[in-house]
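The values are calculated or read from the model by the stated rules, or taken from the named source; none is laboratory data. From a predicted model like this one, the values you see are computed outputs, not experimental measurements. Cβ: placed from backbone, ideal geometry, glycine included. Neighbour counts: every protein chain shown.
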Ligand SMILES: C[S@@+](CC[C@H](N)C(=O)[O-])C[C@H]1O[C@@H](n2cnc3c(N)ncnc32)[C@H](O)[C@@H]1O
């Protein structure tokens, strides 16, 4: 079943880039269109924001409230080591799906001074600078990845990292890997911990990396997840 899903989401899904220009508006405001979003969510080839409301509104009664993402676990520390290895303290570094900002806080503590974070979680982003005062100068934004990347200039970041589940939740109607590659400088790095077979939209991630000039320079299995270091090559 996973294999079939991967074929559908990698090869049989149209990409609708321009629809994502003002994507945030639809999950922030259009509560009244819930049924329409629900119907859209049943068609794999239609962009929709139905599940985005869940993440946007994650509050104390959600199992994904920011308190679940405060501590730096073993995987988070491994990811940070790889980020350090492939960047300098002045590098422009993006945390994709930063939530409350546990990784950003650690990088800031180590002297990184050009950090960015994006997450759809309203409360997590609002609380991040209160919980981690260290993040005052970090440019965190409450947005979907889709709209944020759509609006980011080409060749902007030196390094992008993510600790999933994050990218695995993005509907493949958005050309995520190609947009990430676009905003990364040539010779820049991506550090990903992702579940290649899990979550809503499993894809042939390695194939998509290759297709978008991202060469795998390190990989390590950690239970169901994989830690990747990718380098953008021309
Ligand atoms: C499992 S949590 C991981 C949080 C963080 N990476 C960490 O390890 O502490 C997934 C995060 O991705 C965010 N997220 C999921 N889909 C998103 C999207 N399309 N755009 C922006 N953020 C998204 C959620 O709000 C949530 O904070």
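Mind checking which residues of the stretch 92-119 are surrounded by fewer than 21 Cβ atoms within 10 Å (Cβ to Cβ) and assigned to a strand (DSSP E or B)?
Scanning the stretch 92-119 gives a single hit, 116.
Go through the stretch 120-156 and give me each residue that's assigned to a loop (DSSP other than H, G, I, E, B) and under 13 Å from the mean Cα position of the chain (by Cα).
Matches in the stretch 120-156: 120, 121, 143, 144.
Kindly check whether there is at least one residue in the stretch 27-42 that is farther than 16 Å from residue 168 by Cα and either at pLDDT 90 or above or buried (at least 20 other Cβ atoms within 10 Å of the Cβ) (or both).
yes
When you scan the stretch 50-75, how many residues do you find that are in contact (Cβ under 8 Å) with a residue 24 or more places away in the chain, more than 9 Å from the ligand (Cβ to nearest atom) and closer than 16 Å to residue 171 by Cα?
Residues that pass the stated criteria total 1.
Among the residues of the stretch 124-137, write down those that are within 11 Å of the ligand (Cβ to nearest atom) and surrounded by fewer than 18 Cβ atoms within 10 Å (Cβ to Cβ).
Hits for the stretch 124-137: nothing passes.
Given the condition touching a strand residue (DSSP E or B) at 6+ places or on another chain (Cβ under 9 Å), assigned to a strand (DSSP E or B), within 15 Å of the ligand (Cβ to nearest atom) and under 30 Å from residue 40 (Cβ atoms), answer yes or no: does some residue in the stretch 202-224 qualify?
No, because not a single residue in the stretch 202-224 is touching a strand residue (DSSP E or B) at 6+ places or on another chain (Cβ under 9 Å), assigned to a strand (DSSP E or B), within 15 Å of the ligand (Cβ to nearest atom) and under 30 Å from residue 40 (Cβ atoms).
For the stretch 198-218, what are the residues that are surrounded by fewer than 20 Cβ atoms within 10 Å (Cβ to Cβ) and modelled with pLDDT under 95?
Listed by number, the residues that qualify are 198, 199, 200.
Is the stretch 100-111 home to any residue that is touching a strand residue (DSSP E or B) at 6+ places or on another chain (Cβ under 7 Å), within 8 Å of the ligand (Cβ to nearest atom), within 20 Å of residue 86 (Cα to Cα) and in contact (Cβ under 8 Å) with a residue 60 or more places away in the chain?
Yes: the stretch 100-111 contains one or more residues that are touching a strand residue (DSSP E or B) at 6+ places or on another chain (Cβ under 7 Å), within 8 Å of the ligand (Cβ to nearest atom), within 20 Å of residue 86 (Cα to Cα) and in contact (Cβ under 8 Å) with a residue 60 or more places away in the chain.
Residues that are over 24 Å from residue 134 (Cα atoms) and within 12 Å of the ligand (Cβ to nearest atom): does the stretch 9-22 have at least one?
Checked against the condition, which is being over 24 Å from residue 134 (Cα atoms) and within 12 Å of the ligand (Cβ to nearest atom), the stretch 9-22 yields at least one hit.
Scan the stretch 138-175 for residues that are touching a strand residue (DSSP E or B) at 6+ places or on another chain (Cβ under 9 Å), buried (at least 21 other Cβ atoms within 10 Å of the Cβ) and within 13 Å of residue 23 (Cβ to Cβ) and jot them down.
144, 145, 148, 149 - these are the residues of the stretch 138-175 that are touching a strand residue (DSSP E or B) at 6+ places or on another chain (Cβ under 9 Å), buried (at least 21 other Cβ atoms within 10 Å of the Cβ) and within 13 Å of residue 23 (Cβ to Cβ).
Kindly check whether there is at least one residue in the stretch 170-182 that is outside any strand (DSSP E or B), modelled with pLDDT of 95 or more, over 14 Å from the mean Cα position of the chain (by Cα) and farther than 29 Å from residue 46 by Cβ.
Taking every residue of the stretch 170-182 in turn, none turns out to be outside any strand (DSSP E or B), modelled with pLDDT of 95 or more, over 14 Å from the mean Cα position of the chain (by Cα) and farther than 29 Å from residue 46 by Cβ.
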